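Some notes on the structure that comes next.
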Amino acid sequence: MLEKLICQENRSLIEVLKVININTFGTAFIVDSSNKLKGIITDGDVRRILLKGVGLEATIGDHVNTDFVFSYDDEDLNTVLSKTSEKIQIIPIVNSNFELVNFARYNRKMHLPVAAPNLKGNEFNYLVDAFLSTWISSSGEYINRFENDFSNYCGTKYGVAVSNGTVAIHLALETLGIGKGDEVIVPDFTFAATINAVLHTGATPVIVDIEKDSWCISPSEIRNAITPNTKAIIPVHIYGQPCDMDAIMDIAKEHSLFVVEDCAEAHGAKYKGKKVGGFGDISCFSFFANKVITTGEGGMCLTKSDQLDDKMRVLRDHGMSKTKRYWHEHVGYNYRMTNLQAAIGVAQIERIDEIITHKKEIEDSYRNYLKDISYVHVQTRDIKDTERITWLVCLTIDKGDRDATLLKLKEKGVDARPFFYPLSEMEIYKKYVVSNANSVMLSKIGMNLPSIDVLNEKTSELIREVFLNELN
Ligand SMILES: Cc1ncc(COP(=O)(O)O)c(C=O)c1O
């Protein structure tokens, strides 16, 4: 790990930022060519240097902080650790020649976040490239690249990048002409963005229940909820699990309904070997920081249709004519993504399969660590015709007090979360409910566990212990 903290004194500020970005400690140790420690620099120091007007290409040796806390390698461990604190989280250790030989870290209280972005590829390089190009708004080469790369990855023709996943759904519905007097069928068990986007069009949402096993919208409940006013269905591929798309597409065809896939939580998941996002008229993705891939905030609409792609681009950009500037043909929106966000997205796509595989490994290690606890069930991968991806690791518990267990985990520094509440339990959505029994049941017994790198024997043992003690 020590080598990940080192930066040579003749390197530039931008290079030291790369070192800090990769090591994720917020600090770099600056050494000369014979490994003598010249100083320390933190991300905060770099920010302050830049604010003074120093350029990113400046040599780090000229700006390094030479007044810093360190230890000698012959000091005993307690003395070394006593020099660290909440404020000084990492210190270098040198030998009598002042050569860097080791480092010590403050023993922080453990905190396992439920999710964290994986930005260890070209994200920083492309972001800086976009920044230095000065194309920091919504024009720029990274936007086109991101739209092409992501739509190719999902196997669809067009991608329209937008500012987040919620507006992606709203833009899709508006583009399909859905509004007042129309009904749109949504699942009870989803994040509220799905239904909010419907309400913002002026249409009426119709909430139906999910299937017990897949946790996705139930095709038979969709059938029961169709009226002459139904215009669209929004299947949500919840927690990485694809919906029963054949059944849903059949119903849509039979009743001439639009299908808008909500793929916010399921990048790369497959139904009958085909990636989600390629079934509906339009499909919508989120790139919020906890999603499979991220652009900070961000979203995308995918479609195979030339006309829908065209209309989405116009509505995304104030409804302005594509051929006549400042001439508005529709009452549009500013739903554009920035080139800076897209730069991060391009780097994320380069590693999306690696990220998905890694998350699956994390989920599999939970499955392994928890396999002897009969009342804890990791989300199944056995739903027919589907290849689920892991977004957040999901468990259901059929014994004991789920909420007390969550509190206990929190006390121990584990940021576990309860499943979404069903929409039907919230006052503002109650009046739209047709069916909800499975959603209500699932929401009470489910939880998400940290789906990040720091899962190891120690942390999983801690989680296992909480389950064994609290749920028995
Ligand atoms: C199912 C679902 N739909 C839509 C969204 C909205 O995405 P965003 O947060 O990017 O607006 C989310 C995000 O959390 C989601 O989980």
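What number of residues in region 409-428 are on the phi < 0 side of the Ramachandran plot and either surrounded by fewer than 18 Cβ atoms within 10 Å (Cβ to Cβ) or out of contact with any helix residue (DSSP H, G or I) (no Cβ under 8 Å at 6 or more places or on another chain) (or both)?
Adding up the residues that qualify gives 11.
Check ILE169 against each of (1) β-branched (Val, Ile, Thr); (2) within 11 Å of the ligand (Cβ to nearest atom); (3) in contact with a Ser or Thr (Cβ under 8 Å, 6 or more places away or on another chain); (4) part of a loop (DSSP other than H, G, I, E, B) and name the one condition it does not meet.
Just one mismatch for ILE169, condition (4).
Does LYS322 satisfy being out of contact with any Leu (no Cβ under 6 Å at 6 or more places or on another chain), within 20 Å of LYS157 (Cβ to Cβ), in a loop (DSSP other than H, G, I, E, B) and more than 16 Å from the ligand (Cβ to nearest atom)?
Against the criterion (out of contact with any Leu (no Cβ under 6 Å at 6 or more places or on another chain), within 20 Å of LYS157 (Cβ to Cβ), in a loop (DSSP other than H, G, I, E, B) and more than 16 Å from the ligand (Cβ to nearest atom)), LYS322 qualifies.
Quick one: which helices (runs of 4 or more DSSP H) lie wholly within region 1-109 and hold at least 2 residues that are under 22 Å from LEU132 (Cα atoms) and in contact with a helix residue (DSSP H, G or I) (Cβ under 9 Å, 6 or more places away or on another chain)?
Where helices (runs of 4 or more DSSP H) fall fully within region 1-109 and carry at least 2 residues being under 22 Å from LEU132 (Cα atoms) and in contact with a helix residue (DSSP H, G or I) (Cβ under 9 Å, 6 or more places away or on another chain), they are 13-23, 43-51.
From LYS431, LYS360, LYS384, which residue is surrounded by fewer than 21 Cβ atoms within 10 Å (Cβ to Cβ), over 28 Å from MET245 (Cβ atoms) and basic (Lys, Arg)?
LYS431
Only one residue in ARG464, ARG402, ARG388 is in contact with a strand residue (DSSP E or B) (Cβ under 8 Å, 6 or more places away or on another chain) and of a type in the set (D, E, K, R). Which one?
Result of the check over ARG464, ARG402, ARG388: ARG402.
Test each condition in (1) hydroxyl-bearing (Ser, Thr, Tyr); (2) surrounded by 24 or more Cβ atoms within 10 Å (Cβ to Cβ); (3) under 20 Å from LEU199 (Cβ atoms) for THR230 and report the one that comes out false.
Just one mismatch for THR230, condition (2).
Hey, does region 309-319 have a residue that's within 28 Å of ILE185 (Cα to Cα), without any contact (Cβ under 8 Å) to a residue 60 or more places away in the chain and assigned to a helix (DSSP H, G or I)?
Yes, region 309-319 contains at least one residue that is within 28 Å of ILE185 (Cα to Cα), without any contact (Cβ under 8 Å) to a residue 60 or more places away in the chain and assigned to a helix (DSSP H, G or I).
Under 9 Å between Cβ atoms, at least 6 apart or on separate chains: pull out the pairs that start in region 419-441 with a residue that is assigned by TED's automatic domain parsing to the domain that holds GLY240 and end on any residue that is of a type in the set (A, V, I, L, M, F, W, C).
Sorted first by the residue in region 419-441, then by its partner, the list stays empty.
Tally time: how many residues in region 190-233 are in a loop (DSSP other than H, G, I, E, B), more than 12 Å from the ligand (Cβ to nearest atom) and not polar (S, T, N, Q)?
Matching residues across region 190-233 total 8.
Name the single residue, out of those in region 294-317 being away from the ligand (no atom under 12 Å from the Cβ) and aliphatic (A, V, I, L, M), that is farthest from THR194 (Cα to Cα).
Top of the filtered list is VAL314.
In this structure, is ALA115 within 16 Å of the ligand (Cβ to nearest atom) and part of a loop (DSSP other than H, G, I, E, B)?
Yes: the conditions hold for ALA115.
Just to verify a result, which residue in region 196-205, among those that are of a type in the set (A, V, I, L, M, F, W, C) and surrounded by fewer than 24 Cβ atoms within 10 Å (Cβ to Cβ), is nearest to the chain's Cα centre (by Cα)?
LEU199
Looking at region 266-298, which of the residues that are more than 21 Å from LYS359 (Cα to Cα) and part of a strand (DSSP E or B) is nearest to the chain's Cα centre (by Cα)?
The extreme case among them is CYS284.
The values are calculated or read from the model by the stated rules, or taken from the named source; none is laboratory data. Everything numeric here is computed off the predicted structure, so don't read it as measured data. Because the Cβ atoms are built from the backbone with ideal geometry, glycine has one as well, and the counts that use them run over all protein chains shown.
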